[in-house]
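Below you'll find the structure I mean.
The values are calculated or read from the model by the stated rules, or taken from the named source; none is laboratory data. Because the structure is predicted, anything quoted here is derived from the model rather than measured. Heads up, the Cβs are rebuilt from the backbone with ideal geometry, glycines too, and the neighbour counts pull from every protein chain shown.
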Amino acid sequence: MTAQILITCKTDYEKILAREIASYNFTPQTKGRGWILAQLENKTLFKEHRTQLTIPCFAHSIRETPIAVSAASVNSLADQLVNLFLTNLGSKRIADPWAFLFSSSGNEQLIHRAKSAEKSWLNKLQKKISRVAKLAREGIPYNSSFVEGFFVHFIDFNQAFVSFKALSAGQQRMQMDPKAPSRSYLKLEEAFKIFGNEPRRNEKVIDLGAAPGGWSYSALKRGAIVIAIDNGPLKSPVKLHSNMSHLKVDALKYTYDSSKPVDWLFCDILEKPDIIFNLLHKWLSQKWCRNFIANIKVGRNDPIVLLNKINNSRDGLLPFCQALYIRQLYHDREEITLMGQAK
Ligand SMILES: C[S@@+](CC[C@H](N)C(=O)[O-])C[C@H]1O[C@@H](n2cnc3c(N)ncnc32)[C@H](O)[C@@H]1O
């Protein structure tokens, strides 16, 4: 049995995503700015493996069995969308809130088009079935399995794909805290949401490549005790925080000297992927940390080679992990972020 899926990603990462999903048994068919249509030969295989581990790093959302719709005006597009919604609804009774999303990849015009179609569709729906329309909630909830709802992705001005089931990979835009010393703060806040785990009061954090202090700030906000390791200077307010100490040493040579693993390892060092891989391998194989969040700057290196190395069941990082989430975050650029719990 074959199944078709639509996967969305960051613009310009379609080719990389296509290569990545090929290793998950998906055959990429067509693609455009920020999306890929792919086919899976064996649908049951996909269902069995739809755990956090198998969400592709470069995917933002995965939508099942997309239906192509096209129309020249917002009004006729919205009519088609209402018809599709009602046909799918059939005689089902909706008593609980349900999810919907009108998304698009690319330019401002397309975003605006999706918003106009959403407004028109919701107005029409309110007129026809106001009780059901009132229960509509925007967004794909981040969940370990597919969520039912109404998900529309615009690929062009007059063209969209509709799915009734979607899976979010969890990326989201975070709000900047004006006191945070750097914008890297946003990445860590986003990573906590995807991981579903964050430092608690009095937990210990070792922050490798900490300066100017965005990640440390995030941990301090939660009441954690932080050791920042960086030759560079920290900024206020982390610099003088009572829960903060700063070691001006090389993070690559630093050795953790304690019988008990530290609660959290943060790693955000501007270095080649292989160097960061080796550093994480050292920390995990020596059981120096319980949880870790690491950002790897991929730059011009091949991210698929790196992902295969991380996921290798013999000498990768995966064998040391109880849980491992790998994502290109909303706030990541040419980077990927690893969030893991050690065995
Ligand atoms: C992207 S910045 C980190 C930003 C930080 N996470 C924040 O939230 O503000 C990278 C940092 O890695 C540090 N770094 C690079 N190589 C290092 C090394 N070998 N040891 C320690 N720090 C290093 C740099 O000094 C720089 O401050």
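Across the range 241-254, what is the total count of residues that are part of a loop (DSSP other than H, G, I, E, B) and within 13 Å of the ligand (Cβ to nearest atom)? First the steps, then the outcome.
Applying the first criterion (part of a loop (DSSP other than H, G, I, E, B)) to the range 241-254 yields 241-243, 248-254.
Those left that are additionally within 13 Å of the ligand (Cβ to nearest atom): 248-254.
Of the residues in the range 241-254, 7 are part of a loop (DSSP other than H, G, I, E, B) and within 13 Å of the ligand (Cβ to nearest atom).
Looking at residue 75, is it modelled with pLDDT of 95 or more and of a type in the set (S, T, N, Q)?
yes
Continuing with the same structure: Of the numbered conditions (1) outside the structural domain of residue 68 (by TED's automatic domain parsing); (2) away from the ligand (no atom under 16 Å from the Cβ); (3) among the aliphatic types (A, V, I, L, M); (4) within 30 Å of residue 8 (Cβ to Cβ), residue 225 fails exactly one; give the number of that condition.
(4)
Another question about this same structure. Quick one: residue 202 ticks every box in (1) more than 8 Å from the ligand (Cβ to nearest atom); (2) closer than 30 Å to residue 304 by Cα; (3) assigned to a loop (DSSP other than H, G, I, E, B) bar one, so which box is it?
(2)
Ok, one more. Pull up the range 209-257, narrow it to residues that are β-branched (Val, Ile, Thr) and surrounded by 15 or more Cβ atoms within 10 Å (Cβ to Cβ), then point me to the one that is nearest to residue 182 (Cα to Cα).
So, considering only residues that are β-branched (Val, Ile, Thr) and surrounded by 15 or more Cβ atoms within 10 Å (Cβ to Cβ), the one nearest to residue 182 (Cα to Cα) is 238.
Restricting attention to the range 145-173, and to residues there that are part of a loop (DSSP other than H, G, I, E, B) and in contact with a Lys or Arg (Cβ under 8 Å, 6 or more places away or on another chain), which single residue is farthest from the ligand (Cβ to nearest atom)?
157
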